[in-house]
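Each remark here refers to the structure printed beneath this line.
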Amino acid sequence: MDMPELPEVETVKKTLEKKLVGLTITGVEIFMPKIIRDPAPDKFAMEVTGNKISRLGRRGKYLLIHLTGEKVLIIHLRMTGRLVYSEPVDPLPRHTHVVFRLSNDRELRFIDMRQFGRVQLSTVRYLGQVKGLKDLGPEPLGEEFSRDFLRRELKRKRVRIKSLLLDQTFLAGLGNIYADEALHRARINPKRMACTLTPREIANLYRSIVEVLQEGIENRGTSIRDYVDGDGRTGSYQALLRAYNREGQKCLYCGTPIARLKVGGRSSYFCPACQKE
DNA sequence: AATCATCCCTGACCGC
DNA sequence: TGCGGTCAGGGATGAT
C-alpha cells in the first residue's frame, strides 16, 4: 500500500537516468493497451520507437522521460506501478504491461498489479496542456513553495488540512504517507480546517513538509509493500516513519498509541495527544 | 469555483 | 480448506 509519492518518483528518476540517458528506444511492446493514455497504442509505439532518451525529469508524482524530437514520455505509477530497468533474460514479472526495448539490448518494463498507472506520449510544446500535469500546484522542494505561499493559500481553503495536502492542484507530490508524516511532525490534527491554522502551525507545517520529503529522498523512498526503484530495489524510509502505518504503536514524541481515522475517505494515522483537534 | 462521491483494480485479510 | 466480503488508495470524472 505504498504508493509512489514525490520521494519515490524522484528515486526512480535518479536510478533510471543513470541507465537510460543516451540510449535509443528500439521498440515498444504493449500487453495492456489501456495503460497507454495517448496517443492510441499503435501510434504510441511508432512515435516512441527510434528516439534517443535525452534526459529524465519529474513534476509532482509524474516521471518525465525526454526523447529526441522534443517528445516526452509521461509516466504515472499511481498505486502499485513500477518502472524497472532489466535484462531481457530476467523472467517477465506478472502484471508487466509495457516493455520498452533499448539499444543496449536491455529493456525498461512498466509493471502494475492494479493497472491504475498510465503512460502517455506528448511533446515539450504541449506539456502545459497535458491533463493532470497542467493543473499541478507548486513543487514542494522548489522555490515557489514557501511559508508565505502556505499562509496565503490556507487562509482561503475551507477544507480539512489532510485533504488539502493530498490535493495535487494545491501542492504537487504529497500522498498519504508523507502527508501524515508532515502533519504528525507539525503536531497538527488531520481533521483541522485549513483556514484555522495559526501562523506558528503554518510555519511548522511548511518546515515539516520539506523535511519529510527530503528525508524520504535521502532514504530512497518508502517501501511497505510494492514500491521499488528503477533498479528493482526497495527504499528504507519505512523504518523511519513516525505516524503512517504505525497504528497502535507508541508515538515517538509522547508514547501515546498512534490512532487511525478516515479523513476525506483516506485513512489518516496520527497521535491523539500530540495532534489534538 | 469549490467541494464531495464514485469508480477503477488486485491481493491481502477476515469471519464463518 | 474454501468462499465471499471488505479494504486499500491517486486521480479522473461527474454531481452538487
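The values are calculated or read from the model by the stated rules, or taken from the named source; none is laboratory data. Remember, it's a predicted structure, so these values are computed and weren't measured experimentally. Reconstructed Cβ throughout: ideal geometry from the backbone, glycine too, with neighbour counts over all protein chains shown.
Values as computed for the structure displayed
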item: Selection within region A:156-178 - outside any loop (DSSP other than H, G, I, E, B), within 15 Å of DNA strand B (Cβ to nearest atom), aliphatic (A, V, I, L, M) and within 17 Å of A:G60 (Cα to Cα); result: A:L164, A:L165, A:L166
item: Region A:86-134: number of residues that are in contact with a Ser or Thr (Cβ under 8 Å, 6 or more places away or on another chain), touching a residue at least 40 places away in the same chain (Cβ under 8 Å) and not basic (K, R); result: 8
item: Selection status of A:E144, out of contact with any Leu (no Cβ under 8 Å at 6 or more places or on another chain), part of a loop (DSSP other than H, G, I, E, B) and either more than 16 Å from DNA strand B (Cβ to nearest atom) or under 30 Å from A:Y227 (Cα atoms) (or both); result: yes
item: Evaluation of A:D180 against (1) over 20 Å from A:N245 (Cα atoms); (2) within 16 Å of DNA strand C (Cβ to nearest atom) (one fails), failing number; result: (1)
item: Members of region A:98-120 found to be surrounded by fewer than 21 Cβ atoms within 10 Å (Cβ to Cβ), within 16 Å of DNA strand C (Cβ to nearest atom) and not charged (D, E, K, R), listed by number; result: A:M113, A:Q115, A:F116, A:Q120
item: Of all residues making up region A:1-56, the number that are closer than 21 Å to A:Q115 by Cβ, out of contact with any strand residue (DSSP E or B) (no Cβ under 8 Å at 6 or more places or on another chain) and either within 16 Å of DNA strand B (Cβ to nearest atom) or touching a residue at least 40 places away in the same chain (Cβ under 8 Å) (or both); result: 7
item: Residues within region A:28-43 that are more than 13 Å from A:R109 (Cβ to Cβ) and surrounded by 14 or more Cβ atoms within 10 Å (Cβ to Cβ), tallied; result: 5
item: Residue tally, condition more than 25 Å from the chain's Cα centre (by Cα) and away from DNA strand B (no atom under 16 Å from the Cβ), over region A:87-101; result: 4
item: Some residue of region A:5-26 being surrounded by fewer than 17 Cβ atoms within 10 Å (Cβ to Cβ), charged (D, E, K, R), assigned to a strand (DSSP E or B) and assigned by TED's automatic domain parsing to the domain that holds A:R94; result: no
item: Where A:T256 falls short, out of the listed (1) surrounded by fewer than 19 Cβ atoms within 10 Å (Cβ to Cβ); (2) in contact with a Phe, Trp or Tyr (Cβ under 6 Å, 6 or more places away or on another chain); (3) polar (S, T, N, Q); result: (2)
item: Failed condition for A:L261, given (1) more than 16 Å from DNA strand C (Cβ to nearest atom); (2) surrounded by 13 or more Cβ atoms within 10 Å (Cβ to Cβ); (3) more than 28 Å from A:V12 (Cβ to Cβ); result: (1)
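Residue by residue, here is whether (1) over 30 Å from A:G69 (Cβ atoms); (2) at pLDDT 95 or above; (3) within 20 Å of the chain's Cα centre (by Cα) holds:
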site	(1), (2), (3)
A:R125	no, no, no
A:D135	no, no, yes
A:P138	no, no, yes
A:G142	no, no, yes
A:F149	yes, no, no
A:R158	yes, no, no
A:L166	yes, no, yes
A:G173	no, no, yes
A:K191	yes, no, no
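Residues checked against (1) acidic (D, E); (2) crowded, with 16+ Cβ neighbours inside 10 Å; (3) assigned to a loop (DSSP other than H, G, I, E, B):
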site: A:L154; (1), (2), (3): no, yes, no
site: A:E181; (1), (2), (3): yes, yes, no
site: A:H184; (1), (2), (3): no, yes, no
site: A:L205; (1), (2), (3): no, yes, no
site: A:E211; (1), (2), (3): yes, no, no
site: A:R225; (1), (2), (3): no, no, yes
site: A:R233; (1), (2), (3): no, no, yes
